[in-house]
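Heads up: the structure comes next, in structure tokens.
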Amino acid sequence: MPVKLDNNYDLSGYVIILTGATDGIGKDMARILAGFNPKRLILPVRNKEKGNILLEYIKSSNGHAKNVEIWEMDLADLQSVKNFANKFIKEVGELHMLLNNAGVMSSNQVIKTKDNLEIQFQVNHLAPFLLTLLLLDTIKKSVSAELPGKIAFTSSSGHFNGEIDFDNLNLEKRSSYWHPIKGNYGNTKLMNVIVAKELSRIVQNENIRTYSLHPGIISTNLNHMNNRYTTYFINLLIMMFEISAEQGAINTLYPVLSPENKETGEYYNEGIKQEPNKIANDQEVANKLWKVSEQLLREHGLI
């Protein structure tokens, strides 16, 4: 039985940031959130034109766009992430909900960002990790027991096939890269689960709850593949198990918005709590991933 959202959620006290809102489930997440009357809903986009199309989509769908704002940010450019965070802290300075939803899948070739990092590692893990670190103090100052903070990472069931190889985070080795799930995509989705769990431990006394979420299998613009075999494999999975983007959005938002859900740091599969990959429970791996990620950001002069 698919999970359903209560139509009476009141987000009028919440300032929300949602990444990855121009396509796929993010588009429906933005529409749904806007309908719950948030104090401010800020949608960072890489492509401003697509952002304006998104705004019109929200207006035409439910008319609730007066508190929706389109800001520019590119997760494939770490300085852009820092610039966004600095601007947000200076101009808004209040945040209750950070939904790290944007993601990318690439196989068969190594695509590097302008920061010389493998694109999935950066867009799926390091950039949202940076954004979360930069905004964490703002969230801490904004939340309360009555208005708890929420930090969510859209992960994937592909994280069950992921591994954490600290000698290959940036994909210097390519042995498994061709695989559409076991390659760096699955690895980075596992990083999302680990970061959400570790973050819950770090902020356990701060009225902040964290989540990692698999929305379900959906046909979106996530894929950046040029291998016909991997494309065929993904399309076959989609044909067998696909759900609508709207249901995927609901699956992702349900654990985060449900007031009765007091748990934190958990992994949810289509809105239902599930035990994640056992690696996610390895505290030594979590500590090292956090430290290595921070060190990479220091080397780029970002923290």
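Coordinate-derived values only; no laboratory data. The model shown is predicted, which means the values in this text are computed figures rather than measured ones. Methodologically, a virtual Cβ is constructed for each residue, glycine included, from the backbone with ideal geometry; neighbour enumeration extends over all protein chains shown.
Assorted remarks:
- Fluctuation leader among THR138, THR22, THR188 - the chain, Gaussian network, Cα springs under 10 angstrom: THR138
- Given 11 as the ceiling on other Cβ atoms within 10 Å, longest exposed-site-free region of the chain for GluC sites (Glu not before Pro) in DSSP loops: 1-145
- Counting only aspartates and glutamates at least 8 places from LYS90 when in the same chain, those with an alpha carbon closer than 20 Å to its own are GLU69, GLU72, ASP74, ASP137.
- Only Lys, Arg (+1) and Asp, Glu (-1) charged, at Cβ; segment 36-114 dipole about Cα centre in debye: 60 debye
- Computed magnitude of the charge dipole of segment 15-299 (debye, nearest 20; Cβ of K, R +1, Cβ of D, E -1): 360 debye
- Simple spin-label estimate for ASN47 and GLN79 in nanometres, 7 Å along Cα-Cβ: 2.4 nm
- With 5 Å bins from 0: P(r) over segment 15-299, alpha-carbon pairs, percent: 1, 6, 13, 18, 21, 19, 14, 7, 3, 0, 0
- Across segment 39-52, rounded Karplus estimates of 3J(HN,Hα) from the backbone phi angles (6.51 cos²θ - 1.76 cosθ + 1.60, θ = phi - 60°) give 4, 8, 10, 9, 10, x, 9, 7, 10, 4, 4, 5, x, 5 Hz, Gly and Pro being marked x.
- Sequence of ILE32, ILE279 once ranked by neighbouring C-beta atoms within 10 Å, starting from the fewest: ILE279, ILE32
- Gap separating the Cα centres of segment 1-31 and segment 50-104, nearest whole Å: 13 Å
- Karplus-derived HN-Hα couplings along segment 200-217 (A = 6.51, B = -1.76, C = 1.60, θ = phi - 60°), whole Hz, x at Gly and Pro: 4, 5, 5, 9, 4, 9, 10, 6, 10, 10, 10, 8, 10, 9, 9, x, x, 8
- Distance from segment 187-218 to segment 281-303 (C-alpha centre basis), Å: 15 Å
- The alpha-carbon of LYS262 sits under 29 angstrom from the alpha-carbons of these lysines, leaving out residues fewer than 8 places away in its chain: LYS4, LYS27, LYS39, LYS140, LYS141, LYS150, LYS189, LYS197, LYS273, LYS278, LYS288, LYS291.
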